[in-house]
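Report on the structure given below.
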Amino acid sequence: MKRNEGLLPLLQLTAAGGLLFAEAGGWDWNGPAGLLRGALWAVVVTVSLLLLRSSLRYTARLKGLTAELHRVLAGHGGARLLAGGDAVWNEAVFAVNGLIERLAEVQARSIRSEAARQSLLANISHDIRTPLTSMIGYVDALRDGMAPTPGEREEYVATLSRKAYALKRLVDETFHLAKLDADDLPLRPEPLDFAEEAREALISRLPELQKRGIELQVRLPEEGCRITADRLSLQRILSNLLENALRYGGEGGVLGVELAAEDGEYRLQVWDRGPGIPAEELPHIFERSYRGDRSRSSRDGGSGLGLAIARALAEKNGGRLRAESEPGVRTVFMLALRRAEQP
């Protein structure tokens, strides 16, 4: 049936209804006023019936729309709706498809975050339990007189102290990471000299460098390298990078720190000549839940959180942190921060 053919009986029916209503109300159908009243009534009823028929058609479509939304909300994904109606319906379909895609992205991200959180908790639990068990063993040995000489007792106490500080570092890093995740770490950007901050971080490590026989190669500009950053965050990044280089650079190795200006930013490189990072592990080293060589990290007291914290802090200060490694030759961590505008 053609569209006009379907409307004609409807118009006729509503016009007849209008006549009956007018007669029942005592309206005068003679003359222009009566004809106008009848025509207006016919139009009103016809539009009402057309809207009713359209609403029935939209009801079926809306049922399909809400069914897909319920599937997404229940975590089962959702099919994209197909356009193919009037402009209003197509606009609604476009908006709802965008909502379905956003919900799917949020759910997928939530699933990944939960998996990473569970893995992180498992790693932290292991890293806390291991030194605690060892510390209990040393305490029991001291109590039971298993270290009879002063030299042995001093060695046991030194070991206990070292493990206690490693445990404290793990707790501090876990707390720091939790504050980063909750966006509860206020930054106080201020003008800083990047080279001077790097020198200060190196000076704090000199005793350990000398003790381990590590050669230090430094290339830092004498003139001011002005940046704007949160000082505590910057010192934490530098400390974590130096700690990482010291841990994996090897006894009697070489550790380098270089700073240069390039493309409107300052780039600090911290490098070592240790065993390096395998190519398959390099893309994951900044992931907090990733532990490449877990036995090596555990043995050397690493928490697996330092690099994740360093990158997060770098990004919060408007910078970036990346790594390159050629196993057996050189591993480089590069921290880039924007140069401050000169006054």
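Overview of values
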read-out	value
Any hit, segment 211-223, residues being within 22 Å of R169 (Cα to Cα) and modelled with pLDDT under 95	yes
Filtered residue count, segment 205-239, keeping only those that are within 19 Å of A195 (Cβ to Cβ) and in a helix (DSSP H, G or I)	11
Hits in segment 248-296 (condition: surrounded by 17 or more Cβ atoms within 10 Å (Cβ to Cβ), among the charged types (D, E, K, R) and at pLDDT below 90)	R288, R291
Residue within segment 175-196 that is modelled with pLDDT of 90 or more, out of contact with any strand residue (DSSP E or B) (no Cβ under 8 Å at 6 or more places or on another chain) and of a type in the set (D, E, K, R) present	yes
One residue from S125, S134, S113 being in a helix (DSSP H, G or I), of a type in the set (S, T, Y) and within 30 Å of A67 (Cβ to Cβ)	S113
Residue in segment 264-284 that is more than 26 Å from E173 (Cα to Cα) and not in a loop (DSSP other than H, G, I, E, B) present	yes
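The values are calculated or read from the model by the stated rules, or taken from the named source; none is laboratory data. A quick note: this is a predicted structure, and the numbers were derived from the prediction, not measured. As a convention, Cβ positions derive from the backbone with ideal geometry for all residues, glycine included, and neighbour counts pool all protein chains shown.
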